[in-house]
Amino acid sequence: MDGLGTAGGGSAFASLSRPPLDAGALRRALVTADSMWTALTVVPDVGSTNDALAQEAHNGGESGRILLAEYQSAGHGRLDRTWTAPPRSSVAMSVLVRPDVPVRWWPWIPLLTGLAVAAACRRVADVPATLKWPNDVLVEGQKLAGILVQRVEDPTPAAVIGIGLNVSQTRAELPGPEAVSLVLAGATSTDRSLLVRTALRGLENLLAGWIRRGGEATDDFVGAYVDACSTIGQRVRVELPGASVMHGEAVGVDRRGRLLVRRDEGGAPVPVSAGDVVHVRTTSA
Ligand code: BT5
């Protein structure tokens, strides 16, 4: 153990270079009278921040709850894939929201979250972060952050938005060559507190605009996403349920946030929903 009481241990050097999050300072910055965020907790370790907030949502937890963990022992992505990071090396957080928007528009939530996280990485750390539809933040093709939005229906609809952002991991601490951290991407800052504040203020602004419009995307809004999304213009392979595979070119995003794919065999672009997609990857990757 490194004496700081967090799960997973770590060297004394890692402890010094990986300061803990200051919950009080984050709360003062984010949980204000005019903000969407209503409560903020930092825990030293948890199974998964998404699972913990999904449980709170089931128990009627209020909108605007933020949960950050210094370490997750059972972090996960889609389809029960694992999400791993050493203690204090990343941002691992979830927020619980109950947007007053018809649930058919909720597929925009992961896309808005990606926009906010990528913008925060560019602004705070000055790295060239882009988006891979629907939910990855990349730097030069490597995965810097993953986003997982889970819907809870009972007792009332809620969305749990999970964000895992690699900050100070060394190459050896990442799960594979397709992953990257801010440090490895040459970040000018690795201040996790500033990253959290910037990402959540950005997400609040994007969600507020989206809620004001009733969830529907305007052309401007779709355009902003398309500009930030490196998938558009790429050749993609889409694995659909039932093992059918579609090859084509990603040509845009529609008003429901679905990826538009022009198939090699021609015809009008086909909309692909995140829920239907097992994998979208550039064929060269
Ligand atoms: C994602 O899933 O990218 C969503 C990840 C969401 C993680 C956050 S952390 C806070 C909150 N609590 C949770 O339990 N989850 C959320 P997906 O697209 O399925 O990608 C998962 C894949 O990413 C895995 O199969 C690994 O190959 C890879 N992976 C695992 N850890 C990684 C890391 N630290 N950096 C980059 N890739 C990673």
Test of understanding: what is the full-extension gain from Arg235 to Asp219, defined as 0.36 nm times their sequence separation minus their Cα-Cα distance?
3.4 nm
Calculate, for segment 138-240, the solvent-accessible area per residue in square angstrom, rolling a 1.4 angstrom probe over the heavy atoms of the protein chains.
43 Å²
Whole-Hz ³J(HN,Hα) from phi, Karplus 6.51 cos²θ - 1.76 cosθ + 1.60, for segment 229-234, glycine and proline x:
9, 6, 5, 5, x, 9
Express in nm, to one decimal, how much length is gained between Asp80 and Val43 on full extension, taking 0.36 nm for each residue of separation and deducting their alpha carbon distance.
11.1 nm
Given +1 on the Cβ of Lys and Arg, -1 on the Cβ of Asp and Glu, and no further charges, what dipole in debye does the chain carry about its Cα centre, rounded to the nearest 20?
280 debye
For segment 17-124, the per residue accessible area (1.4 Å probe, Å²) is 41 Å²
For Val251, other-chain or 5+-apart residues with amide H closer than 5 Å (H placed, Pro excluded) are Gly233, Leu260, Val261, Arg262
Grab the Cα-Cα distance for Arg212 and Asp100, subtract it from 0.36 nm times how many residues apart they are, and report the gain in nm with one decimal.
39.4 nm
Fraction of accessible area attributable to carbon and sulfur, the chain (%, probe 1.4 Å)
52 percent
For Glu153 and Ser17, what does the FRET efficiency come to when R0 = 41 Å and r is the distance between their Cβ atoms, rounded to the nearest 0.05?
0.45
Accessible surface of Met36 in the full protein assembly, 1.4 angstrom probe, to the nearest 10 Å²?
50 Å²
Taking the dipole of the chain about the Cα centre (Lys, Arg +1; Asp, Glu -1; charges at Cβ), the one of Ser181, Ala129, Ile163 that reaches farthest to the positive side is Ala129
Given unit charges at Cβ for Lys, Arg (+) and Asp, Glu (-), the dipole magnitude of segment 188-260 about its Cα centre in debye, nearest 20, is 200 debye
What is the Cα centroid distance between segment 182-197 and segment 105-123, reported in whole angstrom?
17 Å
Descending principal axes extents, the chain, alpha-carbon based, whole Å:
62, 40, 34
May I ask you to list the residues of segment 56-70 whose amide nitrogen lies under 17 Å from a point 7 Å from Cα along the Cα→beta-carbon direction of Ser35?
62-69
Taking R0 as 30 Å and r as the Cβ-Cβ distance between Glu140 and Asn59, the FRET efficiency 1/(1 + (r/R0)^6), rounded to the nearest 0.05, comes to 0.10
Would you mind computing, in nm to one decimal, how far apart the modelled labels at Glu178 and Arg27 are, each placed 7 Å from Cα along Cα→Cβ?
4.0 nm
In the chain, with Lys and Arg counted as +1 and Asp and Glu as -1 at Cβ, which of these residues, Ala145, Thr84, Asn59, has the Cα nearest the positive end of the dipole, that is, farthest along it?
Ala145
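The values are calculated or read from the model by the stated rules, or taken from the named source; none is laboratory data. Since we're looking at a predicted model, the values are computed, not measured. Counting neighbours? That spans all protein chains shown, and the Cβs are built from the backbone with ideal geometry, glycine included. SASA here: full protein model, heavy atoms, side chains in, ligands and nucleic acids out. Shrake-Rupley method; radii C 1.70, N 1.55, O 1.52, S 1.80 Å.
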